[in-house]
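Data block below; observations after.
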């Protein structure tokens, strides 16, 4: 099994022997929360504040999620369907 080694500080994903993406359960939960909040019309600032309120830390173990990181997650095709 492989892991995305090119972005060590981002939420990671794994691939199986066929190159198919496999969600990492703890991280998939974070991505799902981000998408759910966005679908409820939260702004990225509100999503960041809600993640902090819930105690969900970033991949770099920070308590504050940047707008750029959240936007990148939402635009990343790999995370769609997680």
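Specify the residue that is farthest from the chain's Cα centre (by Cα); the eligible residues are those in the stretch 27-49 that are assigned to a helix (DSSP H, G or I) and more than 16 Å from residue 65 (Cβ to Cβ).
Filtering first and then ranking leaves 39.
Residues in the stretch 60-70 that are assigned to a loop (DSSP other than H, G, I, E, B) and surrounded by fewer than 15 Cβ atoms within 10 Å (Cβ to Cβ): 60, 61, 62, 63, 64, 66. For the stretch 11-22, filtering for residues that are modelled with pLDDT of 80 or more and closer than 24 Å to residue 56 by Cα leaves 3.
The values are calculated or read from the model by the stated rules, or taken from the named source; none is laboratory data. Keep in mind that what you see is a predicted model, and the values were worked out from it rather than measured. Note: ideal-geometry Cβ built from the backbone for every residue, glycine included; neighbour counts use all protein chains shown.
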